[in-house]
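Asks: Starting off with a structure, shown below.
The values are calculated or read from the model by the stated rules, or taken from the named source; none is laboratory data. All values derive from a computational prediction rather than experimental measurement. Please note: Cβ atoms are built from the backbone with ideal geometry, for glycine as well, and neighbour counts cover all protein chains shown.
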Amino acid sequence: MSRMSMRTRGIVLVPFAVMIIAACTPPMPPDVLAARAESQIECASGTVDVAVAETFAGAMTAVGNALTSICPEQILAELPPADSAAMALVDRTPTAADITSFGSTNCPAGVPIVVPAFAYPVSMAYNVPGLEGLVMTPEAVAGILAGTLTTWDAPLLAEANPDFDLSGLPPITLMSVETTQGAVEAMTTWTSQYAPDAWTAGTVGTLEAGTRLPTVTDLIGELTVTEGAIAVLPIFQAMNNVLAIANLPITVTGNDGKAVEVIVTADDVQLYKVGSGATNVTTDERGNILASPAIGGVPVEGNFDIASSKIVLGENQALIGWPVVGYAHLLICDDAADPLPVSFAQYVVRLAGQGSLETFGVTPMPEPIRVRTFIPLKVTVQVDGESAAPSN
């Protein structure tokens, strides 16, 4: 099998909304019109509490600050994930049991709404100075997560990294968090699909092997002081803590019909956006929208529109992105007596809210998925002064 590196030269992605509003004179580009429509929000007054997963502490504050700059009396307060609030941001795809629990505990007088909030790329983050950019195959990752691959010069790592001297390094020390983590769910979904013989535990949110820490903060603290330590982390979190990040491979079929292993580098946000389209989006019986971890780097048809994303591919360049991407979701209490949670959720999925999240360090939803969230959230935009549902 031949191997090549994946770089992003020739790929350009810029935000684009698929909503069209009435033309004006002189005509304006559709993306400008859409941005203008989405900027016309109806401000509310009061404070909405949001319980936020520890991994994304500060993400909702970033969006809330942007909203407050437009609506000064609409305030957001982040709470720890265990606190009861009429809105919650979780780092994974909620199960039916999660939704039922949220409804009974956090929304007894209303109905829960669930939508994706944003995507986030995941990799193996490790503390080995001078060893940035190791390639880790699904089999190698599976061995590390299972606790069976414990040395950096093991054949699974050495053969994939012939240009690195992996001898004489401290042992691999796997670390994780005691509670369920969306990043671990995304990574084990990937190993389950691409290394099923090496990883037999299926998709899990916690790891049995290695050292388990009580919180994400504890995990980061131990990682940064323990040479040889490794953990599954969102890439933005690894970067923020100056940890090395593994590059991951994708096997694709070339124009000649032969399998080609493409090494996807972990240093470009454009690849994260393409990879976020490799999710399966489902709708439950109540209309809630759920996005699975995006695995494999190749967008699912209908979940990443090339034209609306304005992607320009180089000659013979395949549409391939980062292969392991988790999805955070919002759980919102839709209660007529308290419209603030739904109002804030509507802002999160608007272009301005997604832009605030991108500044925070995560990946905005692909446009086709973002627009789908408007239906359960009852988003409308102003078209020539009148309310109208967005076009899909």
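Asks: Could you check, for the stretch 255-262, whether at least one of its residues is touching a Leu at 6+ places or on another chain (Cβ under 7 Å) and outside the structural domain of GLU139 (by TED's automatic domain parsing)? Step through it out loud before you land on a result.
Replies: Filtering the stretch 255-262 down to residues touching a Leu at 6+ places or on another chain (Cβ under 7 Å) leaves none.
Checking the stretch 255-262: not a single residue is touching a Leu at 6+ places or on another chain (Cβ under 7 Å) and outside the structural domain of GLU139 (by TED's automatic domain parsing).
Asks: Just to be sure I understand, how many residues within the stretch 240-251 are buried (at least 16 other Cβ atoms within 10 Å of the Cβ) and outside any strand (DSSP E or B)?
Replies: Residues flagged as buried (at least 16 other Cβ atoms within 10 Å of the Cβ) and outside any strand (DSSP E or B) within the stretch 240-251 amount to 2.
Asks: Could you go through the stretch 205-213 and let me know if any residue there is over 20 Å from the mean Cα position of the chain (by Cα), among the charged types (D, E, K, R) and either within 12 Å of ALA146 (Cα to Cα) or assigned by TED's automatic domain parsing to the domain that holds ALA291 (or both).
Replies: Yes, there is a match, as at least one residue in the stretch 205-213 is over 20 Å from the mean Cα position of the chain (by Cα), among the charged types (D, E, K, R) and either within 12 Å of ALA146 (Cα to Cα) or assigned by TED's automatic domain parsing to the domain that holds ALA291 (or both).
Asks: Could you list all residues from the stretch 307-332 that are at pLDDT 70 or above, touching a Leu at 6+ places or on another chain (Cβ under 7 Å) and hydrophobic (A, V, I, L, M, F, W, C)?
Replies: Once the filter is applied, which keeps residues that are at pLDDT 70 or above, touching a Leu at 6+ places or on another chain (Cβ under 7 Å) and hydrophobic (A, V, I, L, M, F, W, C), the stretch 307-332 yields LEU319, TRP322, VAL324, ALA328, LEU330.
Asks: Taking the stated definitions as given, is VAL90 touching a residue at least 40 places away in the same chain (Cβ under 8 Å) and in contact with a His (Cβ under 6 Å, 6 or more places away or on another chain)?
Replies: Details: touching a residue at least 40 places away in the same chain (Cβ under 8 Å): yes; in contact with a His (Cβ under 6 Å, 6 or more places away or on another chain): yes.
Against the criterion (touching a residue at least 40 places away in the same chain (Cβ under 8 Å) and in contact with a His (Cβ under 6 Å, 6 or more places away or on another chain)), VAL90 qualifies.
Asks: Can you give me the number of residues within the stretch 258-310 that are without any contact (Cβ under 8 Å) to a residue 40 or more places away in the chain, of a type in the set (Val, Ile, Thr) and assigned to a loop (DSSP other than H, G, I, E, B)?
Replies: 1
Asks: Yes or no: LEU233 surrounded by 19 or more Cβ atoms within 10 Å (Cβ to Cβ), closer than 26 Å to VAL264 by Cβ, in contact (Cβ under 8 Å) with a residue 60 or more places away in the chain and in contact with a Gly (Cβ under 9 Å, 6 or more places away or on another chain)?
Replies: On the way: surrounded by 19 or more Cβ atoms within 10 Å (Cβ to Cβ): yes; closer than 26 Å to VAL264 by Cβ: yes; in contact (Cβ under 8 Å) with a residue 60 or more places away in the chain: yes; in contact with a Gly (Cβ under 9 Å, 6 or more places away or on another chain): no.
No.
Asks: Among the residues of the stretch 216-231, are any within 21 Å of the chain's Cα centre (by Cα), of a type in the set (S, T, N, Q) and closer than 16 Å to VAL122 by Cα? So that I can check it myself, show each step before the final result.
Replies: From the stretch 216-231, those within 21 Å of the chain's Cα centre (by Cα) are 216-217, 219-220, 230-231; that's our starting set.
Then drop every residue that is not of a type in the set (S, T, N, Q), which leaves 217.
From the residues that got through so far, the ones that are closer than 16 Å to VAL122 by Cα too are none.
No: zero hits.
Asks: Looking at the stretch 270-289, which of the residues that are aliphatic (A, V, I, L, M) and touching a Ser or Thr at 6+ places or on another chain (Cβ under 7 Å) is nearest to THR251 (Cα to Cα)?
Replies: Initial filter on the stretch 270-289 (aliphatic (A, V, I, L, M)): 271, 274, 278, 281, 289.
Okay, now just the ones that are also touching a Ser or Thr at 6+ places or on another chain (Cβ under 7 Å), so 271, 289.
Details: LEU271: 16, ILE289: 30 Å.
The residue in question is LEU271.
Asks: Within the stretch 252-264, is even one residue within 24 Å of the chain's Cα centre (by Cα) and buried (at least 22 other Cβ atoms within 10 Å of the Cβ)?
Replies: Yes - at least one qualifying residue is present in the stretch 252-264.
Asks: Going through GLU132, GLU227, GLU208, GLU185 one at a time, which residue ends up being in a loop (DSSP other than H, G, I, E, B) and closer than 25 Å to THR359 by Cα? Steps first, answer last, please.
Replies: Values: GLU227 fails: closer than 25 Å to THR359 by Cα; GLU208 fails: closer than 25 Å to THR359 by Cα; GLU185 fails: in a loop (DSSP other than H, G, I, E, B).
Just one listed residue meets the conditions, GLU132.
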